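A.B. asks: I am attaching a structure below and will ask some questions about it afterwards.
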Amino acid sequence: MDRSSSLARGAARLIAAALAASVAADARAQTAPPPIALPPAPAPILLEDDPQLAALVADSLAARPELGAAAAGVQARRPKVALAGAWPDPVLTLGVQNDGFTSIEIGAMDTSFASIMVTQAIPWPGKRRLRTALAEVGVARAEVAVTRARLTAIADVERAYLALVRVRDRQALLAQQAALWSRAVDITRRVYAAGQGSQADVLRAQLEVRRLDQRRLALGAEEAQRVHALNRLRGRALDEPIATTRSIVGLAVPAPIDVDAAYADARARSPELAQAALAVTAAERAAALAAKEARPDLAISAGLMVRGVDVPPMWTVSVGGPLPLFTGAAARRAVAGDRAEVTRARLELDALERVLRQRIADRATALALMTATAALYRDGIVALSTATADSTLAQYQSGRASFAAVLDAGAGTLVDQDAYLDAITAAQAIAIAQREYALDDAVAGAGGLTRATMPIVGPRAAAGASGGAAAEAARSVAAPAAAGMGGM
């Protein structure tokens with residue numbers, strides 16, 4: 001949905017408020033004119049189905065160095081699998097045995113000879129297989145790291161895109177506020193000229209118009225930062241323009257989360273859970289290998305001793321191995337330690353599964369809250385807030401309301417619209433976190449996307465927004481994570 005059309009309804013209501021004031025001045029009517037007819041809005045679209053977002057994600061996946069680093073980690077570990085299970089290299093020994101120091105006696109003395117010997121170590125049965133299996137776990141963990149890097153890269157772009165759309169929607173709301181205050185300046189002047197208002201009202205309206213410039217600068221700086229973040233993720237020049245045609249209200253509300261189905265899906269797809277399961281596998285194989293390592297390797301040696309042309313050669317074959325006189329007790333303690341490591345890994349996996357289920361349940365609750373909050377704003381709060389602003393402006397021009405009430409009602413309308421966008425943004429951020437399969441706090445997925453920075457005016461500036469409880473709920477649910485992967 002085009003931003004101008006998706007936000008046009010709010011602008012129309014504010015303009016209708018100003019038109020109502022002019023009509024009331026002449027007819028002394030205290031009701032607003034009928035709402036301006038708007039063309040039907042395009043059907044909402046899911047965030048993940050947005051073609052512009054899909055193009056940005058493709059750019060990022062092709063450019064992110066983190067993905068290349070994770071893939072290189074797999075390539076670095078894969079050749080080590082064969083090395084871990086390879087046979088030890090044989091040992092070649094060349095030697096000379098000679099009687100006396102004055103001359104070479106090979107061929108003259110039976111006990112003088114040149115020798116060649118080869119020794120081959122033979123690992124205890126099962127060691128090579130377990131070493132290979134342990135190295136394969138390292139490759140599997142590196143592959144899971146690639147999956148995590150990809151999921152994080154996609155979620156980073158989705159959050160950055162959502163943040164950019166959000167700040168531009170805030171700019172659109174600011175433009176509506178600018179139109180309202182420009183009209184309010186004209187009304188206050190006419191009311192003052194008619195002897196029904198005060199000069200202070202005119203000055204206050206002019207002051208609010210001037211304050212919009214500062215707010216516009218702040219939102220412009222935030223927009224530039226959002227563009228920088230998105231371009232960094234795409235590997236582009238930081239200041240490369242990024243056009244957006246969609247609005248927050250043009251995004252379909254994410255579907256409710258079925259906790260059981262989502263938990264089953266996350267157990268199969270969560271990289272963190274996969275890493276924990278692989279840690280259990282690695283610990284089990286390491287414990288089995290440690291038990292095998294306590295067994296001595298054997299060494300078979302074969303040699304030939306050449307004693308000269310006229311003397312028959314000698315040969316030797318031997319089998320040997322270490323006696324665990326000094327390391328036996330330490331090896332047994334090491335095996336016990338590796339078994340304890342298996343217990344630790346299993347308990348950590350169990351704890352992680354419990355956290356995962358809680359996070360999904362919390363996220364389902366938070367999404368239901370944001371969906372209901374957005375519906376309240378869409379179906380009631382925003383319309384009532386707009387009607388209040390219409391009526392207050394009309395009553396001010398007729399001398400039945402103060403300008404402070406106009407300030408309060410006008411600020412409330414904009415803040416309620418902003419909170420409505422906050423609720424939708426929070427719901428989208430929760431859905432992004434759901435697709436990311438991270439294990440941070442369930443309500444930490446928004447990454448600060450809904451943290452309000454739009455200044456307000458009038459008495460509400462001190463007391464908070466109209467419908468402040470719902471707006472604060474939206475902001476609390478989408479509070480940024482202090483650390484972690486950006487949300488669960």
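The values are calculated or read from the model by the stated rules, or taken from the named source; none is laboratory data. Fair warning: this is a prediction, and the values are worked out from it, not measured in the lab. Note: ideal-geometry Cβ built from the backbone for every residue, glycine included; neighbour counts use all protein chains shown.
A.B. asks: Does Ala205 qualify as being in a helix (DSSP H, G or I) and either touching a residue at least 40 places away in the same chain (Cβ under 8 Å) or not assigned by TED's automatic domain parsing to the domain that holds Ala394 (or both)? Full working, then the answer.
C.D. replies: On the way: in a helix (DSSP H, G or I): yes; either touching a residue at least 40 places away in the same chain (Cβ under 8 Å) or not assigned by TED's automatic domain parsing to the domain that holds Ala394 (or both): yes.
For Ala205, the condition - in a helix (DSSP H, G or I) and either touching a residue at least 40 places away in the same chain (Cβ under 8 Å) or not assigned by TED's automatic domain parsing to the domain that holds Ala394 (or both) - is met.
Matching residues to (1) more than 30 Å from Asp416 (Cα to Cα); (2) touching a Phe, Trp or Tyr at 6+ places or on another chain (Cβ under 7 Å); (3) in contact (Cβ under 8 Å) with a residue 40 or more places away in the chain; (4) of a type in the set (Asp, Glu):
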residue	(1), (2), (3), (4)
Val146	yes, no, yes, no
Ile154	yes, no, yes, no
Arg166	no, no, yes, no
Ala178	no, no, no, no
Arg183	no, no, yes, no
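A.B. asks: Quick check on my filter: what residues within the range 85-113 are in a loop (DSSP other than H, G, I, E, B) and in contact (Cβ under 8 Å) with a residue 12 or more places away in the chain?
C.D. replies: First, the residues of the range 85-113 that are in a loop (DSSP other than H, G, I, E, B): 85-90, 98-105, 107-108, 110-112.
Those that are in a loop (DSSP other than H, G, I, E, B) and in contact (Cβ under 8 Å) with a residue 12 or more places away in the chain: Gly85, Ala86, Trp87, Pro88, Pro90, Asn98, Asp99, Gly107, Ala108, Asp110, Thr111, Ser112.
A.B. asks: So which of Ala368, Ala374, Ala438 ends up being over 30 Å from Ala200 (Cα atoms), buried (at least 20 other Cβ atoms within 10 Å of the Cβ), at pLDDT 90 or above and small (Gly, Ala, Ser)? Talk me through it step by step, then tell me what you get.
C.D. replies: Numbers: Ala368 fails: buried (at least 20 other Cβ atoms within 10 Å of the Cβ); Ala438 fails: at pLDDT 90 or above.
Only one candidate passes the filter, namely Ala374.
A.B. asks: Could you say whether any residue in the range 205-215 is closer than 29 Å to Gln417 by Cβ and in contact with a Gly (Cβ under 6 Å, 6 or more places away or on another chain)?
C.D. replies: no
A.B. asks: Sort out which residues of the range 129-149 are crowded, with 18+ Cβ neighbours inside 10 Å and among the basic types (Lys, Arg), and write them in order of number.
C.D. replies: Once the filter is applied, which keeps residues that are crowded, with 18+ Cβ neighbours inside 10 Å and among the basic types (Lys, Arg), the range 129-149 yields Arg131, Arg141, Arg148.
A.B. asks: For the range 391-398, indicate whether the set of residues that are assigned by TED's automatic domain parsing to the domain that holds Ala163 and not in a helix (DSSP H, G or I) is non-empty. Quick ask: steps written out before the conclusion?
C.D. replies: Of all residues in the range 391-398, those assigned by TED's automatic domain parsing to the domain that holds Ala163 come to 391-398.
Checking which are not in a helix (DSSP H, G or I) leaves us with 398.
So far as the range 391-398 goes, yes, one or more of its residues are assigned by TED's automatic domain parsing to the domain that holds Ala163 and not in a helix (DSSP H, G or I).
A.B. asks: Mind checking whether some residue in the range 82-103 is over 26 Å from Ser318 (Cβ atoms), surrounded by 14 or more Cβ atoms within 10 Å (Cβ to Cβ) and among the β-branched types (Val, Ile, Thr)?
C.D. replies: Within the range 82-103 (the criterion being over 26 Å from Ser318 (Cβ atoms), surrounded by 14 or more Cβ atoms within 10 Å (Cβ to Cβ) and among the β-branched types (Val, Ile, Thr)), the answer is no, since none of the residues qualifies.
A.B. asks: Can you spot a residue in the range 343-360 that is under 27 Å from Ile248 (Cβ atoms) and in a helix (DSSP H, G or I)? Talk me through it step by step, then tell me what you get.
C.D. replies: Narrowing the range 343-360 to residues under 27 Å from Ile248 (Cβ atoms): 359-360.
When the remaining residues are screened for being in a helix (DSSP H, G or I), the result is 359-360.
Checked against the condition, which is being under 27 Å from Ile248 (Cβ atoms) and in a helix (DSSP H, G or I), the range 343-360 yields at least one hit.
A.B. asks: Of all residues in the range 65-102, which are small (Gly, Ala, Ser), under 27 Å from Ala299 (Cα atoms) and out of contact with any helix residue (DSSP H, G or I) (no Cβ under 6 Å at 6 or more places or on another chain)? If you could, list the steps in order and put the result at the bottom.
C.D. replies: Let us first name the residues in the range 65-102 that are small (Gly, Ala, Ser), namely 68-73, 76, 82, 84-86, 95, 100.
If we keep only those that are under 27 Å from Ala299 (Cα atoms) too, we end up with 82, 84-86, 95.
Hits for the range 65-102 are Ala82, Ala86, Gly95.
A.B. asks: Restrict the check to the range 184-193 and report whether at least one residue is more than 30 Å from Ala330 (Cα to Cα), in contact with a Pro (Cβ under 9 Å, 6 or more places away or on another chain) and either hydroxyl-bearing (Ser, Thr, Tyr) or assigned to a helix (DSSP H, G or I) (or both). Let's see the steps before the verdict.
C.D. replies: Initially, the range 184-193 is screened for residues more than 30 Å from Ala330 (Cα to Cα), giving 184-193.
Right, trim to in contact with a Pro (Cβ under 9 Å, 6 or more places away or on another chain) and you get none.
Within the range 184-193, none of the residues are more than 30 Å from Ala330 (Cα to Cα), in contact with a Pro (Cβ under 9 Å, 6 or more places away or on another chain) and either hydroxyl-bearing (Ser, Thr, Tyr) or assigned to a helix (DSSP H, G or I) (or both).
A.B. asks: If Leu369 meets every condition in (1) more than 30 Å from Arg267 (Cβ to Cβ); (2) touching a helix residue (DSSP H, G or I) at 6+ places or on another chain (Cβ under 7 Å) apart from one, which number is that one?
C.D. replies: It fails just one condition, (1).
A.B. asks: Would you please name the residue that is farthest from Glu353 (Cα to Cα), looking only at residues in the range 270-300 that are outside any helix (DSSP H, G or I) and touching a residue at least 60 places away in the same chain (Cβ under 8 Å)?
C.D. replies: Looking only at the range 270-300, we keep the residues that are outside any helix (DSSP H, G or I), and these are 270, 294-300.
Next, from what is left, pick out any that are touching a residue at least 60 places away in the same chain (Cβ under 8 Å): 270, 295-300.
Numbers: Ser270: 10, Arg295: 37, Pro296: 40, Asp297: 41, Leu298: 44, Ala299: 47, Ile300: 50 Å.
Selected residue: Ile300.
A.B. asks: Also: Being of a type in the set (Ser, Thr, Tyr) and over 30 Å from Ala55 (Cα atoms) is the filter here, so list the residues in the range 153-201 that pass it. Show your work before the answer.
C.D. replies: Residues of the range 153-201 that are of a type in the set (Ser, Thr, Tyr), as a first pass: 161, 182, 188, 192, 198.
Passing the criteria: Ser182, Thr188, Tyr192, Ser198.
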